[in-house]
Amino acid sequence: MAQQEEKTDNVPAIPFLNLKAAYMELKKELDEAYERVMTSGWYVLGAEVAAFEAEFADYCGVGHCVGVGNGLEALTLVLRAWGIGAGDEVIVPSNTYIATWLAVSHTGAVPVPVEPCGSTYNIDPSRIEAAITHRTKAIVPVHLYGQPADMDAILCIADKYGLKVLEDAAQAHGSTYRGKRAGGLGHAAGFSFYPGKNLGAFGDGGAVTTDDRELADKIRLLRNYGSSVKYVNNATGFNSRLDEMQAAFLRVRLKRLDAWNGKRQLLAAWYLRNLPISLPQVALPAVPDWAGHCWHLFVIRTADRDILQRELAANNIGTLIHYPIPPHLQQAYAPLGHGSSSFPIAEKMAGEVLSLPMWPQLSLGALAGSILGRTNPFNVNYKGRS
């Protein structure tokens with residue numbers, strides 16, 4: 001996933017993702033950040049983490065940010081801090097990466113899946129109430145691929161039933177909903193800084209954002225062995241701390257996040273203009289007027305996904321599938337008893353989605369040359385092919 005662009009027949013090869021390009025663009029600043037941390041002599045929960053927490057909280061428009069080890073633990077720690085555990089239920093999308101479900105399971109609670117909207121891939125608010133029981137304690141909407149979920153509708157339901165709303169914002173750095181940034185839309189949010197994210201570290205990392213001071217204090221306690229004073233442990237906590245080095249790198253990349261998201265938007269606009277929307281076998285993303293998409297991923301759908309992926313590979317264009325197996329069909333969740341066809345919308349999406357190259361250093365010229373400069377792989381006659 002981090003390979004460099006290569007030349008083939010004078011047409012640039014387009015990898016799905018090029019992580020090295022981000023480093024090369026920011027090399028001087030990142031190297032300075034590395035040296036600053038190394039010469040400080042302080043490597044865990046120091047000045048860099050504190051500074052990043054303040055800067056990212058300000059960016060998201062919230063009062064508090066707590067850096068943690070990764071995105072999964074960000075979600076898990078919030079649910080634990082809310083006292084959610086065995087015997088409880090948490091509503092999750094049926095169409096998401098498995099980490100959303102795992103966060104619920106790690107508290108001892110049960111994930112209750114709700115199907116997505118066919119056009120946005122995100123959880124369908126109109127289906128949520130039917131899944132609520134007396135055991136339901138929270139809803140975890142995912143801003144999938146960088147497009148925010150319909151938060152007003154979700155919060156309205158949550159208010160009606162007294163539920164907490166935890167944004168899974170792992171793919172939504174810089175996304176907006178009706179002008180307000182992801183991370184400040186629910187009662188709390190969990191972010192991942194996995195390297196491939198719009199705001200990615202050079203290793204693992206995560207954060208919780210919230211306007212709830214009491215919750216933020218609980219997360220700070222839980223992330224550090226349940227301790228706020230050395231050797232004094234007030235809770236059965238965890239070791240889930242954002243690393244000083246990664247925090248320093250994230251501070252550099254945060255300054256470029258909006259500009260890089262702008263480049264992603266240009267790439268997405270090119271795809272939307274130039275891919276053949278008239279072809280019935282290829283469906284392009286739909287973005288509601290209220291959604292400010294950060295385009296973590298550009299995902300198309302086609303029943304001929306595997307054929308198209310091979311055609312793109314033959315044209316030196318990298319792709320990935322996010323995600324080929326929905327959580328309810330994973331062996332990890334076999335004990336819940338959700339068999340095949342339990343969630344047909346999620347299953348259909350899993351069989352059709354294909355993610356195209358999307359990274360801010362990718363040039364429009366290279367993209368156009370690879371897709372339009374040869375026999376357009378999207379114009380393949382799929383009839384009878386396998």
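The values are calculated or read from the model by the stated rules, or taken from the named source; none is laboratory data. Source: prediction; values computed, not measured. All Cβ positions, glycine included, derive from the backbone under ideal geometry; neighbour counts span all protein chains shown. What goes into the accessible areas is simple: the full protein's heavy atoms, side chains included, and nothing from ligands, DNA or RNA. Shrake-Rupley method; radii C 1.70, N 1.55, O 1.52, S 1.80 Å.
Selection of first residues in region 163-182 that are under 23 Å from residue 137 (Cβ atoms) and of second residues that are at pLDDT below 95 and open to solvent by 20 Å² or more (accessible area, probe 1.4 Å), restricted to Cβ pairs under 9 Å at least 6 apart or on distinct chains, gives an empty result.
A single entry from 234, 198 fulfils the requirement of being open to solvent by 10 Å² or more (accessible area, probe 1.4 Å) and in contact (Cβ under 8 Å) with a residue 12 or more places away in the chain: 234. Per this entry, residue 222 is not counted among residues that are closer than 30 Å to residue 305 by Cβ and either open to solvent by 20 Å² or more (accessible area, probe 1.4 Å) or in contact with a Cys (Cβ under 9 Å, 6 or more places away or on another chain) (or both). Across region 138-166, the qualifying residues are those that are part of a loop (DSSP other than H, G, I, E, B) and of a type in the set (Gly, Ala, Ser), and the one among them that is nearest to residue 126 (Cα to Cα) is 149.
What about residue 162, is it out of contact with any Phe, Trp or Tyr (no Cβ under 6 Å at 6 or more places or on another chain), under 23 Å from residue 361 (Cβ atoms) and open to solvent by 10 Å² or more (accessible area, probe 1.4 Å)? Here the answer is no, as residue 162 does not meet what is asked.
Check region 201-219 and report whether any residue there is modelled with pLDDT of 95 or more, open to solvent by 20 Å² or more (accessible area, probe 1.4 Å) and in contact with a Leu (Cβ under 7 Å, 6 or more places away or on another chain). No, the conditions are met nowhere in region 201-219.
Does residue 32 meet the test of being in contact with a Leu (Cβ under 8 Å, 6 or more places away or on another chain) and open to solvent by 50 Å² or more (accessible area, probe 1.4 Å)? Against the criterion (in contact with a Leu (Cβ under 8 Å, 6 or more places away or on another chain) and open to solvent by 50 Å² or more (accessible area, probe 1.4 Å)), residue 32 does not qualify.
Look at region 97-123: where a residue is aromatic (Phe, Trp, Tyr) and a partner is in a helix (DSSP H, G or I), sitting 6+ places away or on another chain with Cβ atoms under 6 Å, you get 101/327; 121/144. Would you mind finding the one in 121, 23 that is at pLDDT 95 or above, of a type in the set (Ser, Thr, Tyr), open to solvent by less than 20 Å² (accessible area, probe 1.4 Å) and in contact with a Phe, Trp or Tyr (Cβ under 8 Å, 6 or more places away or on another chain)? Exactly one of 121, 23 is at pLDDT 95 or above, of a type in the set (Ser, Thr, Tyr), open to solvent by less than 20 Å² (accessible area, probe 1.4 Å) and in contact with a Phe, Trp or Tyr (Cβ under 8 Å, 6 or more places away or on another chain), namely 121. Which numbered condition trips up residue 326, out of (1) open to solvent by 60 Å² or more (accessible area, probe 1.4 Å); (2) under 25 Å from the mean Cα position of the chain (by Cα)? Exception for residue 326: condition (1). Considering region 254-278, the residues that are open to solvent by 40 Å² or more (accessible area, probe 1.4 Å) and closer than 24 Å to residue 352 by Cα include one that is modelled with the lowest pLDDT, namely 278. Return yes or no: is residue 313 at pLDDT 95 or above and exposed (fewer than 13 other Cβ atoms within 10 Å of the Cβ)? It is false that residue 313 is at pLDDT 95 or above and exposed (fewer than 13 other Cβ atoms within 10 Å of the Cβ).
Filtering region 39-73 to residues that are open to solvent by 30 Å² or more (accessible area, probe 1.4 Å) and closer than 17 Å to residue 171 by Cα leaves 59, 70, 72, 73.
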